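Throughout, read-outs are computed from the coordinates displayed, never taken from laboratory work. What you are looking at is a predicted structure, and each value in this text was computed from that prediction instead of being measured. In this analysis, Cβ positions are derived from the backbone assuming ideal geometry, glycine residues included, and neighbour counts consider all displayed protein chains.
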């Protein structure tokens, strides 16, 4: 019996007595939190795609306009001592964010996953944690490398020459804006992932309480059992 109740931890799976207003209120709260978590996850997914798009574009333009080996006689548009790692860090971090949040959105729409509390809770907590760690590492690495005065990065070089008018790639002004956009979106992504993690943790707590309350209510036992469970979740 306990196993069956645990498998029904999703907000849509609790069997609610129409007279049990206490449980109905908890389930309504769980459903609201689930909608908020899903909405924030979709927002994080969109932000991750945007970061990946602008950062990957700057790398693509650099690769297309840099002087290949063996053609050093051509006038280079980029310095020899050039560090691409900050932009690569944004691309890699954004890729983790996109994959993790895309999996979370898909899992929230798959009934068999939602009905299994262990899987549902694990992925809802793991996804924002992965996204938060990826965003933090990318941001810290970006700032740490860009603080160096010994070598240029895509951000420092393109923003230094952003006023230079060019009729074809690389458009330094555009690349400078894209570099800043990727960084700012990464910074904004951090509180979004923190919010998703907080909502998911509170939702998991309420789902655990609702499962215990439903089990105590449906199991033949002294009436004090439901009362004690209700006091814990009040």
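One chain, two ends: residue 190 and residue 163. Fully extended at 0.36 nm per residue, the span grows by 6.6 nm beyond their Cα-Cα distance. Take every Cα pair under 8 Å whose residues are at least 6 apart in sequence, average their separation, divide by the length of the range 130-186, and the relative contact order is 32 percent. Between the beta carbons of residue 60 and residue 126, assuming R0 = 45 Å, the FRET efficiency works out to 0.90 to the nearest 0.05. Cβ crowding within 10 Å ranks 112, 140 as 112, 140, fewest other Cβ atoms first.
Spin-label model, residue 219/residue 181: points 7 Å from Cα along the beta carbon direction are separated by 5.6 nm.
Counting beta carbons within 10 Å around each of 152, 34 and listing the fewest first gives the order 152, 34. Arranged from fewest to most other beta-carbon atoms within 10 Å of their beta carbon, 160, 85, 114 become 160, 85, 114.
Modelled spin labels at residue 22 and residue 36, positioned 7 Å past Cα toward Cβ, are 2.3 nm from each other. Centre-to-centre, using Cα atoms only, the range 153-195 and the range 81-112 are separated by 19 Å.
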